[in-house]
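Report on one structure; see the data block that follows.
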2 protein chains.
Amino acid sequence: MLPLTGPSFLIDQSRTERNISRMLQKCEHHGVSLRPHFKTHQSLEVGRWFRNQGIDKIAVSSFSMAKFFADDGWIDITVAFPVNLLEIDLIVALSKKVRLHILADNPDTVAFITRYAELKAGVMIEIDAGYGRSGIHVSKVSVIQELARMIEQSDHLRFEGFLSHAGNTYQARNKMEVLAVHSSMLVQLNELKSRFLISYPDIILSYGDTPTASLADDFGGIDELRPGNFVFYDLMQQRIGSCSYDDISVAMACPVVGVYPDREQVAVYGGGVHFSKEFVESEGIRNYGQMVKWNGSTWGDIVANCFLSGLSQEHGIVEISDPMLLSKLKPGDLLYFLPVHSCMTAEAMRNYCTMFI
Amino acid sequence: MLPLTGPSFLIDQSRTERNISRMLQKCEHHGVSLRPHFKTHQSLEVGRWFRNQGIDKIAVSSFSMAKFFADDGWIDITVAFPVNLLEIDLIVALSKKVRLHILADNPDTVAFITRYAELKAGVMIEIDAGYGRSGIHVSKVSVIQELARMIEQSDHLRFEGFLSHAGNTYQARNKMEVLAVHSSMLVQLNELKSRFLISYPDIILSYGDTPTASLADDFGGIDELRPGNFVFYDLMQQRIGSCSYDDISVAMACPVVGVYPDREQVAVYGGGVHFSKEFVESEGIRNYGQMVKWNGSTWGDIVANCFLSGLSQEHGIVEISDPMLLSKLKPGDLLYFLPVHSCMTAEAMRNYCTMFI
């Protein structure tokens, strides 16, 4: 590892590859295809670790991200985000280069893209089965039928099936709550698919989020899973129960810049612009990053009761309740933290330093 | 303005220049020197707008940011962040190029930098006068004396005075609360300065944050103000009372990607990776961005009851309680929002599109 001089985002290759292979095995076991969501890592290198394990199709959350990975040789890409019509030139260009799948939940959107004859793409209808973010509500069968008909009438678009995201599992506090969301979605999505299979026998059901992909054991009717976060996991997933601390494959290294024994705190160079300002909370105490031990080549166990209790733009405040540990710390030392939301931290750290260990 | 295709950070030059000149006039009126904090904008262009109004010294929050501005010709720079010893090579290099001022609150830090004879810098002792983030507590006079003595003993460092940040004003809910924090800090810092003036007659008191710099009218004993956020302001400052909506000089433009009349919402391309995930809250309702009208060349009044109520990684959910407005919106339209915390949004948007209007 190079010498670190500032806040650094560390990606542990062996933990990451273990997360990938475990999810791949699970999908193979259930006969479901894995289309990992690459928005979590946004890294060509991590993408190659997926490719080395046989993954050949991906999901991304923007057309610029699709271009980034297409330029690295990925040729089957779902943009799992509602089509942004202002990027039509980029979308057309991408559709000439890769097997492109796009989302629609609105007749205006479909009418617009239908006019671009050069745009050859598969279209998935996005379904809202309870999350309430984007997609047509699963109950609106006639609206969905009309949209499918519009797509099929175009000779350059293919209606490929339904895509849904169980984002409401992120509000779950434990496995039971995740599985309750999952069961409800599974029933509704399968009912929808059954109705359409008669007219469209080749359609698929694309589904997925890290909590259900990690915790559920019933994927009946699902053709494709699109989890993203599982590649790294994080404190939020650990709290939900999707992973153990040891599965978390990214950590932040931050230099100590101040030591305050009176208040049992140290200040580190590492703030909201590096971690993002998300937190997990229990008993009214906010945790912006969990401190872990360093074993010389990677991190190990968590350090109990030592965590980031506050972040400003560049400063992090660390609670150090262990007086022995506190007495040894001095400016220039490095401390290591598991991030709360690895997708957001990875994105924020695009402006700074990322290292593979 | 170029055609926008994705989430874009708009910087209104005339509002920004008005914010700069107003703060400059206030400082001149009070006989206080203005050293604006450039961490808010991190933009060479905005830096030049300051320079055009006669500003010749700045504060930044990291040594890499100092280098960024030094390379654009800034020659008097305070790194208003505890020294990160791991960057000693960069610090030494900078000190040869610019008039550099650094912070210390720890004898280990001073002992370390004392060993680098090439490092010619002014050292400000950071004082914690109630915020509790970094700095020596204002009451620990003997610790402060010992640190000043260590600095003065070095023949390449100069003890320049005290620097303090009233970050606790960000928790204030109104002008009265801001002024209460300010008065308390002013008394404590002046008392400290008086004690040291006898031995160190040239020391200065550097102080500042946007709420007090905007709202207070008594800066007795203060030599230098270092507000940053005032250049753009934001919803957080508007809530505190530091500015009006019309003073906010940055906005995000986001394409509509989904329209959901049943739930009186639209989805926009613009999420946590663009805005950052900070929010202002009132009566339990979170606001991640306030919608404003567009007048063809810049934004105007706020649109009452229309705001971002949720952000995921790339999606924003907008509440549109006006049925007439909602009925007109369609995918591909642009909506405009005032950000909650402009420093964080400007930082996040470094990965995306920034436009000057």
Any residue at all in region A:163-178 that's away from chain B (no Cβ under 13 Å), closer than 29 Å to A:A66 by Cα and either touching a residue at least 12 places away in the same chain (Cβ under 8 Å) or in contact with a Ser or Thr (Cβ under 7 Å, 6 or more places away or on another chain) (or both)? yes
When you scan region A:285-295, how many residues do you find that are open to solvent by less than 60 Å² (accessible area, probe 1.4 Å) and either among the aliphatic types (A, V, I, L, M) or more than 16 Å from A:L334 (Cβ to Cβ) (or both)? 4
Cβ-Cβ below 6 Å, separation at least six or inter-chain, first residue in region B:144-159 and without any contact (Cβ under 8 Å) to a residue 60 or more places away in the chain, second open to solvent by 90 Å² or more (accessible area, probe 1.4 Å) and in a loop (DSSP other than H, G, I, E, B): which pairs? B:H156/B:K120
Does A:T169 satisfy being at pLDDT 90 or above and in contact with a Leu (Cβ under 9 Å, 6 or more places away or on another chain)? no
Out of (1) within 14 Å of another protein chain (Cβ to nearest Cβ); (2) within 16 Å of the chain's Cα centre (by Cα); (3) open to solvent by 10 Å² or more (accessible area, probe 1.4 Å), the one B:A59 does not meet is (3)
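How many residues does region B:37-56 contain that are assigned to a strand (DSSP E or B) and either out of contact with any Ser or Thr (no Cβ under 8 Å at 6 or more places or on another chain) or more than 12 Å from chain A (Cβ to nearest Cβ) (or both)?
Final tally of qualifying residues: 0.
Quickly run through region A:112-130 and pick out the residues that are assigned to a loop (DSSP other than H, G, I, E, B) and either modelled with pLDDT under 95 or open to solvent by 10 Å² or more (accessible area, probe 1.4 Å) (or both).
At the first step, the residues of region A:112-130 found to be assigned to a loop (DSSP other than H, G, I, E, B) are A:115-120, A:129-130.
The answer is A:R115, A:Y116, A:A117, A:E118, A:K120, A:A129, A:G130.
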Would you mind telling me which numbered condition in (1) closer than 30 Å to B:I127 by Cβ; (2) more than 14 Å from chain A (Cβ to nearest Cβ); (3) of a type in the set (K, R) B:R226 fails? (2)
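Do we have A:S134 as within 12 Å of chain B (Cβ to nearest Cβ), in a loop (DSSP other than H, G, I, E, B) and in contact with a His (Cβ under 9 Å, 6 or more places away or on another chain) here? Steps first, answer last, please.
Details: within 12 Å of chain B (Cβ to nearest Cβ): yes; in a loop (DSSP other than H, G, I, E, B): yes; in contact with a His (Cβ under 9 Å, 6 or more places away or on another chain): yes.
In short, yes.
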Residue check: is B:S276 away from chain A (no Cβ under 13 Å), among the hydroxyl-bearing types (S, T, Y), closer than 27 Å to B:A346 by Cβ and surrounded by 19 or more Cβ atoms within 10 Å (Cβ to Cβ)? no
Taking region A:1-36 and keeping only residues that are part of a helix (DSSP H, G or I), within 30 Å of A:Y269 (Cα to Cα) and not basic (K, R), one is left with A:Q13, A:S14, A:T16, A:E17, A:N19
Give A:T78, A:T109 a once-over and let me know the one that is hydroxyl-bearing (S, T, Y), at pLDDT 95 or above and in contact with a helix residue (DSSP H, G or I) (Cβ under 8 Å, 6 or more places away or on another chain). A:T109
Region B:247-266 residues that are farther than 11 Å from B:L334 by Cα and polar (S, T, N, Q), paired with ones that are assigned to a strand (DSSP E or B) and open to solvent by 10 Å² or more (accessible area, probe 1.4 Å) (beta carbon under 7 Å, 6 or more apart): B:Q265/B:I317; B:Q265/B:E319
All positions within region A:77-98 that are more than 10 Å from every other protein chain (Cβ to nearest Cβ) and touching a residue at least 40 places away in the same chain (Cβ under 8 Å): A:T78
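Quick test for you: out of B:S184, B:S206, pick the one residue that is free of Cβ contacts under 8 Å to residues at least 60 places away in the same chain and small (G, A, S).
Details: B:S206 fails: free of Cβ contacts under 8 Å to residues at least 60 places away in the same chain.
Checking each option against the conditions leaves just B:S184.
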Quickly run through region B:312-357 and pick out the residues that are in contact with an Asp or Glu (Cβ under 9 Å, 6 or more places away or on another chain), more than 12 Å from chain A (Cβ to nearest Cβ) and either in a helix (DSSP H, G or I) or at positive phi (or both). B:P323, B:L326
B:D105 passes all but one of (1) surrounded by fewer than 24 Cβ atoms within 10 Å (Cβ to Cβ); (2) over 17 Å from the mean Cα position of the chain (by Cα); (3) without any contact (Cβ under 8 Å) to a residue 60 or more places away in the chain; which number fails? (1)
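The values are calculated or read from the model by the stated rules, or taken from the named source; none is laboratory data. No experiment lies behind these values; they were computed from the predicted model shown. Every residue, glycine as well, gets a Cβ built from its backbone with ideal geometry; the counts of neighbours run over all protein chains shown. These area figures cover heavy atoms from the full protein model, side chains too; ligands, DNA and RNA do not enter into them. Shrake-Rupley method; radii C 1.70, N 1.55, O 1.52, S 1.80 Å.
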